[in-house]
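Notes follow the structure.
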Amino acid sequence: MAVDAEPVQRRARRWHIAVFLAPAVLVYTAIMIIPLFSTLFQSLFNTVGGQRTFVGLANFMVLFGDPRWAASFWNALWNNTWFFIIHMLVQNPIGVVLAAILSNPSLRLRGFYRTAIFIPTILSFVIVGFVWKLILSPLWGIAPNMLDAIGLRSLFAPWLGQEGAALTTLALVSVWQFVGIPMMLIYAALLSIPDEVIEAAEMDGLTGFSQFFKIQLPLILPTIGIISILTFVGNFNAFDLIYVSQGAQAGPNFSTDLLGTLLYRTFFGFQLQQGDINMGSTIATMMFLIILVGVSIYLFAIQTRLRRYQF
Amino acid sequence: MVLQKRLMLASAALAIAAGTGGAYAQDVTLTIESWRNDDLTIWQQTLIPAFEAAHPGIRVQFNPSAPTEYNAALNAKLEAGSAGDIITCRPFDASLALYQDGYLADLSDLEGIANFSDVAKSAWSTDDGAQTFCVPMASVIHGFIYNADAFAELGLEEPTTTEEFFAVLDAIEADGTYIPLAIGSVDQWESASMGYHNIGPAYWAGEEGRQALIAGEAKFTDEEWVEPLRVLARWGEYAGDGYQAQTYPDSQNLFTLGRAAIFPAGSWEIALFEEQADFALGAFPPPVPAEGDTCYISDHTDIGIGMNANTANPEAARTFLNWVASSEFASLYSNALPGFFALSSEPVTLDNPLANEFVSWRETCESTIRPTYQILSRGTPNLENENWLHASNVLSGAETPEDAAAAIQSGLESWYTPGMFAD
C-alpha cells in the first residue's frame with residue numbers, strides 16, 4: 001500500500017499556495033513592481049531629435065555634472081538630510097519620553113493624552129499645513145499674540161518666509177504631526193515588558209531614571225530601530241507638507257526644497273516649465289537608491305547587532 | 001399696431017424655429033472645448049444666445065473641463081479624433097505645439113484676425129509671426145488698485161511717476177493708519193507678476209525691450225532691466241510686518257479688509273474686490289520713471305480660441321470665430337467678466353467703472369506681455385520660474401537687485417542662444 005501511495009503524493013502539486021498568493025502577487029506586481037522598474041528603466045532614456053533613445057547613464061551625468069542640476073540636487077539632498085536630522089533629534093526622543101510618561105501607571109487621564117497626542121497623525125497634510133500657516137502668519141496668526149502675552153513678541157519672526165528658518169519650522173510642524181507614531185509604538189513595547197522584570201529590577205534597587213535607562217531602554221531598542229527606519233523612509237519620500245505650505249517652488253529661495261518637490265517640479269513641470277519625464281525618473285531613481293542604501297545599512301549593519309530578549 | 005404685428009410675427013417665427021430647429025438638415029452644431037468652466041453660465045446665457053440669434057442654422061455647445069485636466073484631456077481627444085470643432089487655446093507653447101502637430105487650423109486669412117494687434121496675436125502665432133492659429137479672446141491687465149476712501153482721507157493723488165509713487169507710500173506710512181502696500185514675497189509669483197513684470201515695462205520700453213531680450217540684444221543685467229528690480233527692492237519697506245511670510249490670499253485680505261491702501265494688482269481681482277471691499281476702489285497704471293515718459297502696461301494675453309483642423313464644419317466654425325473677433329463679442333464678453341478684457345483693437349465701453357479704468361489704459365499706454373512667456377521659457381532653468389524666485393528674493397531683501405539680475409541672466413544664457421528656434 002505504502003509503495004502505491006508514494007508516487008501519488010509526489011505528483012500532488014500544492015496548487016493552493018499559488019492560487020492564494022496570486023491576487024496579492026498580481027496586484028503588487030501591477031501597481032508597484034512594474035511602475036518601479038519602468039521608472040528605473042526610463043532614467044536610461046532621453047528624447048534625442050524627437051526620438052526616444054537609450055542614453056545609458058547620460059541623465060545621471062547631467063544630474064551630477066551640470067552645475068545647475070547638481071546644485072539643485074545637492075541642495076534638496078542636504079535639506080532632506082536636515083529634515084531627517086530634526087526628526088531623529090526631536091520627534092523620536094520626545095516620542096520615547098511621552099511613551100515613558102504614559103506607561104507610568106500612576107498617571108491619570110492616560111487615555112485622553114494618548115488620543116490627543118495621536119490625533120494630528122490622522123489629519124491630512126493639507127489641514128496640518130494650512131493650520132500651521134495660519135498659526136504662524138505674521139498678519140492673522142495666534143503665534144505673535146501668544147508670544148506677546150508672555151512678553152516675548154520680539155522673538156517672533158515670519159519664519160516660513162525666512163530662508164534660514166523655513167525648513168526647520170516645517171520639520172518641527174511635521175514632528176508635531178507625527179510624534180504620535182513613535183509614542184504609540186514605544187508605548188506598546190513598554191507595555192509588553194513583563195512586570196516580573198521590572199519587579200526584579202526594583203528588588204535589586206533600580207528605580208526611576210536608572211531603571212528606565214538600564215532595563216526598559218535596552219528592551220525597546222529594536223522598536224526604536226524600526227521607528228528610525230520608518231522615519232528615514234518617510235522623510236526621504238516627504239513632499240506633501242512642503243508642497244501644501246510653500247508650493248512646488250519650495251521657497252524662499254529653494255530653502256525648503258526636498259527631493260520630493262524637486263522630483264515633482266522636474267517630472268510634471270511647473271507653470272511654463274514643461275515636464276521632463278526622463279530627468280524626473282533619474283531623480284526618482286536616485287531617491288530609490290538613497291532609501292535602498294539607508295534601509296540596507298540598517299538591515300545588515302544595525303538590526304543584526306541589536307540584541308533581542310525573549311520572555 | 002404695425003410694431004405689434006411685427007412682434008407677433010417675429011415671435012411666431014421664433015417659436016417655429018425653436019420647435020423645429022432640430023429638424024433642419026442644414027443645422028450645424030459646433031462644440032467648444034474649454035478649461036473655463038467658471039464661464040459656463042456666461043456662455044450659455046449671454047454669448048451663445050447672442051451668436052445663435054445672429055446666425056440661424058448654427059448651434060453652439062460650450063463643453064468645458066477642469067482647468068488642470070484640460071491640456072491632457074484635449075490632447076487625448078485630438079489624437080482620438082473626438083475633439084470639438086472649436087478649441088480654446090492656452091497661450092504660447094501649448095497651443096503652438098498643437099498647431100505644429102496639425103490639430104489647429106491656420107487662421108491667418110480669417111477676416112476677423114485683422115482686428116487684433118501684433119501683441120495680442122503673439123501668444124498664438126508662430127515664432128516668426130507669419131501664421132496665426134487662434135483668435136485672441138481675452139487678456140488681463142496689470143496695474144495698481146487702491147483704497148480711494150483712504151486716498152481721500154489722506155488727501156493723496158494717484159501717482160504717475162515712480163517718485164510720486166514713493167511719495168504717496170511715504171505719506172501713507174507717516175500717517176500710520178494703513179499699511180502702504182499689500183504684497184508678500186512667499187508666494188513668489190506675486191513678486192514677479194504683480195511686481196517686476198507690472199512696473200518693469202515702463203523701464204524696458206514694453207515690446208521693444210521684450211523683443212530685444214528674445215533677439216539677444218538686451219540682457220537682464222542691462223540698466224533698464226535692473227532698475228525695476230531696485231524699485232521692487234524698495235517696496236519691502238512699505239509692505240506689512242512679516243511680509244516675507246505673507247501669501248497672496250493674505251495680501252488680498254489685507255486690502256479688502258481696509259488695512260492696506262494700495263494693491264499691486266491684476267485686473268482679474270476686480271470682481272472679487274468689488275464684492276468684498278466696503279470702500280471705494282480706484283486704479284492707476286504702473287508709474288513711469290520720469291515725468292512725461294510713455295507709460296507701458298502688462299496686457300497679458302491669456303485666452304484664445306481656434307479651430308480644430310479636422311472639424312467637419314469648417315465654414316460654420318470660421319463664421320463663429322469671426323463673430324468672436326467682432327466688437328459685439330468683445331463688449332458682451334468684457335462686460336460679463338469684468339477684469340478679463342477682449343483683445344480686439346476696436347475700443348469697447350464697459351459698464352464696470354473700475355474695469356473701464358483698466359481698459360482705458362490701452363488708449364494712453366503701450367501694451368506688452370510678460371517678457372518670459374514667449375520662446376524664453378522653453379529651456380531649463382525655466383525663465384519664468386527664475387523670475388519668480390529672484391523677484392521674490394529681491395522683494396524680501398535676501399538678494400540684491402544686481403545679483404538677482406545676474407543670476408537670471410546666467411540661467412537664461414546657460415541654454416538660450418538667440419535664433420535657436422528659428423528654422
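In table form, for the structure just shown:
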{"item": "Degrees between helix B:401-413 axis and first principal axis of chain B (Cα, 0 to 90, nearest 10)", "result": "50"}
{"item": "Amide H partners (placed H, <5 Å) of B:Leu281, local residues excluded", "result": "B:Ala148"}
{"item": "Span-rule helices in chain A, defined as complete DSSP H runs reaching 27 Å or more along the axis (Cα) with Kyte mean at least -1.0", "result": "A:67-86, A:217-236, A:277-296"}
{"item": "Average partner coverage of B:236-248, which counts Cβ from other chains inside 10 Å", "result": "5"}
{"item": "Cα centroid separation - the stretch A:162-221 against the stretch B:339-381, whole Å", "result": "61"}
{"item": "Helix B:2-20 axis, angle to chain B major axis (alpha carbon atoms, nearest 10°)", "result": "90"}
{"item": "Given charges at beta-carbon only (K, R positive; D, E negative), |dipole| of the stretch B:69-166 in Debye", "result": "440"}
{"item": "Chain A: relative contact order in percent, alpha carbon pairs under 8 Å with at least 6 residues between", "result": "24"}
{"item": "Net dipole in debye of the stretch A:66-305 [+1 Lys, Arg Cβ; -1 Asp, Glu Cβ; about Cα centre; nearest 20]", "result": "300"}
{"item": "Of the chymotrypsin sites (Phe, Trp or Tyr not before Pro) in the stretch B:307-378, those whose Cβ has at most 16 other Cβ within 10 Å and which sit in DSSP loop", "result": "none"}
{"item": "Globularity ratio of the protein assembly as shown, using Cα Rg and 2.2 N^0.38 Å", "result": "1.18"}
{"item": "Against the rule of thumb 2.2 N^0.38 Å, how large the Cα Rg of chain B comes out", "result": "1.07"}
{"item": "Least to most buried among B:Tyr243, B:Tyr178, A:Tyr309 (fewest other Cβ within 10 Å first)", "result": "A:Tyr309, B:Tyr178, B:Tyr243"}
{"item": "Test item: B:187-198 mean partner chain Cβ contacts at 10 Å", "result": "1"}
{"item": "In degrees, nearest ten, helix B:327-336 long axis to first principal axis of chain B (Cα)", "result": "60"}
{"item": "A:Phe130, B:Phe116 arranged by Cβ crowding within 10 Å, fewest neighbours leading", "result": "A:Phe130, B:Phe116"}
{"item": "Loop sites in the stretch A:229-311: trypsin sites (Lys or Arg not before Pro), DSSP, at most 11 other Cβ within 10 Å", "result": "A:Arg307, A:Arg308"}
{"item": "Set of aspartates and glutamates with alpha-carbon distance to A:Lys214 below 20 Å, sequence-local pairs under 8 removed", "result": "A:Asp195, A:Glu196, A:Glu199, A:Glu202, A:Asp204"}
{"item": "Residues B:Cys365, B:Cys295, B:Cys89 arranged by fewest to most Cβ contacts within 10 Å", "result": "B:Cys295, B:Cys365, B:Cys89"}
{"item": "Within a Gaussian network of chain B (alpha carbon springs, distance under 10 Å), most fluctuating of B:Asn310, B:Asn147, B:Asn198", "result": "B:Asn310"}
{"item": "Full-extension gain in nm, B:Glu163 to B:Gln44, via 0.36 nm per residue minus C-alpha separation", "result": "38.1 nm"}
{"item": "Average Cα contact separation per residue, chain B, under 8 Å, 6 or more apart, as relative contact order %", "result": "24"}
{"item": "Helix-only CD estimate at 222 nm, as mean residue ellipticity for the protein assembly as shown, using -39500 (n - 2.57) per DSSP H run (n ≥ 4)", "result": "-15500 deg cm²/dmol"}
{"item": "Selected from B:Ala53, B:Ala407, B:Ala271 as most flexible by GNM, with chain B as the system and alpha-carbon contacts under 10 Å", "result": "B:Ala53"}
{"item": "Cα lying deepest toward the dipole's positive end in the stretch A:66-305, options A:Met88, A:Thr121, A:Leu107, charges on Cβ", "result": "A:Thr121"}
{"item": "Per-residue mean of C-beta atoms belonging to partner chains within 10 Å, peptide A:266-274", "result": "5"}
{"item": "Cut-off 13 Å between beta-carbons: net charge of the residues surrounding B:Ile58, Lys and Arg +1, Asp and Glu -1", "result": "-2"}
{"item": "FRET efficiency, B:Ser410 to A:Phe268 (Cβ-Cβ, R0 22 Å, nearest 0.05)", "result": "0.30"}
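All of the numbers you see were taken from the coordinates with simple rules; none came from a lab. Note that this is a predicted model, so its numbers are computed, not measured. Note that each Cβ is placed from the backbone with ideal geometry, even for glycine, and that neighbours are counted across all protein chains shown.
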